[in-house]
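What follows is calculated from the coordinates using simple rules that are stated; it is not laboratory data. Keep in mind the model is a prediction, meaning the values are calculated, not measured. Cβ atoms come from the backbone with ideal geometry, glycine included; neighbour counts cover every protein chain shown.
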Amino acid sequence: MKEKSCANSLAVKTSHVLPPDTNTHGTLFGGKLMAHIDDVAAIAAVRHARKPVVTASTDSVDFLAPVKEGHSICVEAFVTWTHSTSMEVFVKAVAEDLLTGNRRVCTTAFLTFVAVDDAGKPVPVPSIYPETELEKMLHEGASIRAKHRKERRKQSKELAVNFGTSFPWNRGL
């Protein structure tokens, strides 16, 4: 499998923030932005793997600034690191006041995707190489983030086992 550059996976989506997309504060719903993030990150992962992918985790979503109704939201994503079947994707969302041209990064996120075959089984992905200083910075920190993901996933599985499917604290309510 041929190694690919981070830039090879770049995916970008720009959307207008309209009234149905906003909350009572007149700002973009966080869940709506998260849907944009997952969509664009998945496109970046598929571009890299050239295979179907599934979201394995949303490692972090940091909302740094609100996005107002009437502004645009531009979501950019690219693969920063790969393991055997998984890919870490970095996402940056930029809000723009379309009337003034003022732009600011409003959200950053890291997601992990796994490439799968037709039966839904994980399949190998090409390795990745960073070219720019920012890509190198993200790539170098990826193994630490992967270690934290693995630890967090183990804790999540333990919580799932401990809590099970019922709510025992409801006491019959």
Quiz prompt | Of residues in the stretch 99-121 being closer than 15 Å to Arg50 by Cα and of a type in the set (Gly, Ala, Ser), the one nearest to the chain's Cα centre (by Cα) | solution = Ala115
Quiz prompt | Filter result for Leu64 (without any contact (Cβ under 8 Å) to a residue 40 or more places away in the chain and out of contact with any Phe, Trp or Tyr (no Cβ under 9 Å at 6 or more places or on another chain)) | solution = no
Practice problem: Could you tell me whether any residue of the stretch 67-75 is on the phi < 0 side of the Ramachandran plot, free of Cβ contacts under 8 Å to residues at least 60 places away in the same chain and of a type in the set (Ser, Thr, Tyr)? | Solution: yes
Quiz item: Does the stretch 27-55 hold any residues that are touching a Pro at 6+ places or on another chain (Cβ under 8 Å) and either assigned to a helix (DSSP H, G or I) or surrounded by fewer than 18 Cβ atoms within 10 Å (Cβ to Cβ) (or both), and which are they?
Solution: Val46, His48, Ala49
Quiz item: In the stretch 96-110, how many residues are free of Cβ contacts under 8 Å to residues at least 40 places away in the same chain and of a type in the set (Gly, Ala, Ser)?
Solution: 1
Quiz item: Restricting to the stretch 124-138, what's the tally of residues that are over 18 Å from the mean Cα position of the chain (by Cα) and either among the aromatic types (Phe, Trp, Tyr) or surrounded by fewer than 16 Cβ atoms within 10 Å (Cβ to Cβ) (or both)?
Solution: 7
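Condition check ((1) loosely packed, with under 14 Cβ neighbours inside 10 Å; (2) assigned to a helix (DSSP H, G or I); (3) at negative phi) across all residues:
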site	(1), (2), (3)
Asp118	yes, no, yes
Glu140	yes, yes, yes
Ile144	yes, yes, yes
Arg149	no, yes, yes
Quiz prompt | Which numbered condition Glu151 misses (of (1) touching a residue at least 40 places away in the same chain (Cβ under 8 Å); (2) within 20 Å of the chain's Cα centre (by Cα); (3) more than 14 Å from His48 (Cα to Cα)) | solution = (1)
Quiz item: Counting only residues that are part of a loop (DSSP other than H, G, I, E, B), over 27 Å from Val46 (Cα atoms) and not β-branched (Val, Ile, Thr), how many does the stretch 10-26 have?
Solution: 4
Exercise. Please find, within the stretch 56-102, the residue that is surrounded by the fewest Cβ atoms within 10 Å (Cβ to Cβ) out of those that are assigned to a strand (DSSP E or B) and of a type in the set (D, E, K, R).
Key: Asp62
